[in-house]
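Visitor: Once you've had a glance at the structure underneath, I'll fire off some questions.
The values are calculated or read from the model by the stated rules, or taken from the named source; none is laboratory data. Predicted, not measured: the structure shown is a model, and the values here were computed from it. Methodologically, a virtual Cβ is constructed for each residue, glycine included, from the backbone with ideal geometry; neighbour enumeration extends over all protein chains shown. Ligands, DNA and RNA are stripped out before the accessible areas are found, and what is left, the full protein with its side chains, is counted by its heavy atoms. Shrake-Rupley method; radii C 1.70, N 1.55, O 1.52, S 1.80 Å.
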Amino acid sequence: MSTGAAAVSEWLTRHTAPACLGAIVIGVLLGRLVPGAGEAASVLVTPALVVLLATTFTEIPLERLTGMRGGGRFAVTVLVLNFVLVPLVVAGLHWAIPLPSTIVVAVLIVLLAPCIDYVIVFTGLAGGASARLLALTPVLMVVQIVLLPVWLRLILGERATVLITPGPFLAALVTFIVVPLLAALVLRLLARRSAGARRTLSVSEHVMMPVMLLTLIVIAAAEVRTVLPYLPDLGPAVLACVLFAAVMVGLGWAIGRVVLADGGERRALVFTGVTRNSLVVLPLVRAVDREGPGTAAVVTQTLVELVVMAVLVWLVPRMVSSTAMSENR
């Protein structure tokens, strides 16, 4: 890669938060103002995420995933945060913020489901333990399939009639984790004996930020058209999503400070607590809501979360010192 391109990549990395926010704004404007841009972008969301995750995984020492030690405390902390404390926070928000009946199930589904895909990217950008988080993705996926219907029933009672099936979660695990992970692993293995593969691996280190920005543009352009028709009715959903993110940042920071010694793990804990599985649960909501207000509420959470993630990539390294950097590199 040329020196100029590498310099651009380094500049984008140093200015991650404003670059991400700018990408989201560009995507929203494209989806809103350019005819056909939203439809075209919706086709590109999955391929863009797969490329982004594959690029991210090339920077993680994948051969160490199965041999990492000392991650038991981190794993337990992540599980308790996501499947005990998050449901309590969501139940509190449900009590405090009267959500319209048309969107309440959708909002609760998305807030109860921890992310298994691009949380790894944002965690890595903030210097968090993305490799440890990646190793936990199958567990996070299985546990949320089992517990999501339970927590919905406890919080909503008889209104929790949505059938949670494993299909979308398993499809997401294969598409967004297994496929890019295998691609990255093959590239790293080939780089040991192929000069071309080594050059490709080297290039991937400099294209991750541009790929991230393009992905944010694609997601924002694809999803904004779903939100606009219901925008006047989505105020409570926006409030719930913003308050959820604020509470979980504080909880993740406080619990990590008490329980975890490694700075990278503390950063990862904040991100896994905040980031939700919106792109995975969206098919579940669409199955019962089509393109109605429930679907719009899930998409709204995605757009709010992308802005929050852009801010956290800048904020979390300032909140959590890297006393012992994670094993991302």
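Visitor: What ranking, highest mean first, results for peptides 308-318, 38-48, 121-131 when packing means the other Cβ atoms within 10 Å averaged over each residue? Could you put the intermediate results ahead of the total?
Guide: Numbers: 308-318: 19.9, 38-48: 16.0, 121-131: 26.8.
Per-residue Cβ counts within 10 Å, averaged per peptide and sorted highest first, yield 121-131, 308-318, 38-48.
Visitor: Considering only protein heavy atoms, what per residue accessible area in square angstrom results for segment 257-318 with a 1.4 angstrom probe?
Guide: Details: 1900 Å² over 62 residues.
That works out to 31 Å² for each residue.
Visitor: For the chain, with all protein chains present and a 1.4 Å probe, just round the carbon and sulfur fraction of the accessible area to a whole percent.
Guide: Details: 9530 of 13910 Å².
Solvent-exposed carbon and sulfur of the chain make up 69 percent of the total.
Visitor: Rounded to whole Hz and in sequence order, give me ³J(HN,Hα) for segment 306-319 from the Karplus expression 6.51 cos²θ - 1.76 cosθ + 1.60, θ = phi - 60°, writing x for Gly and Pro.
Guide: 4, 5, 4, 4, 4, 5, 5, 4, 7, 7, 4, x, 7, 7
Visitor: Output the relative contact order of the chain, whole-number percent, from Cα pairs under 8 angstrom with separation of 6+ residues.
Guide: On the way: 455 pairs, mean separation 120.9, N = 329.
Taking the mean separation of contacting Cα pairs over the length of the chain, I get 37 percent.
Visitor: Also, quick follow-up: Where does the charge balance sit around residue 227 when Lys and Arg score +1, Asp and Glu -1, over other residues with C-beta under 11 Å from its C-beta? Don't jump to the answer; show the numbers that get you there.
Guide: Values: positive: 32, 225; negative: 223, 233, 291.
Combined, the nearby Lys, Arg, Asp and Glu give -1.
Visitor: State, to one decimal in nm, how far the label point of residue 26 lies from the label point of residue 257, with both points 7 Å from Cα in the Cβ direction.
Guide: Each label point is offset 7 Å from its Cα along the Cβ direction, giving 3.7 nm.
Visitor: Sort 111-118, 19-26, 201-208 for me by packing, meaning the mean count of neighbouring Cβ atoms within 10 Å per residue, highest on top. Could you put the intermediate results ahead of the total?
Guide: Numbers: 111-118: 24.8, 19-26: 18.8, 201-208: 16.8.
The peptides rank, most packed first, as 111-118, 19-26, 201-208.
Visitor: Just to confirm, what accessible area per residue do you get for segment 121-214 at 1.4 Å probe, in whole Å²?
Guide: So segment 121-214 comes to 47 Å² accessible per residue, rounded to a whole number.
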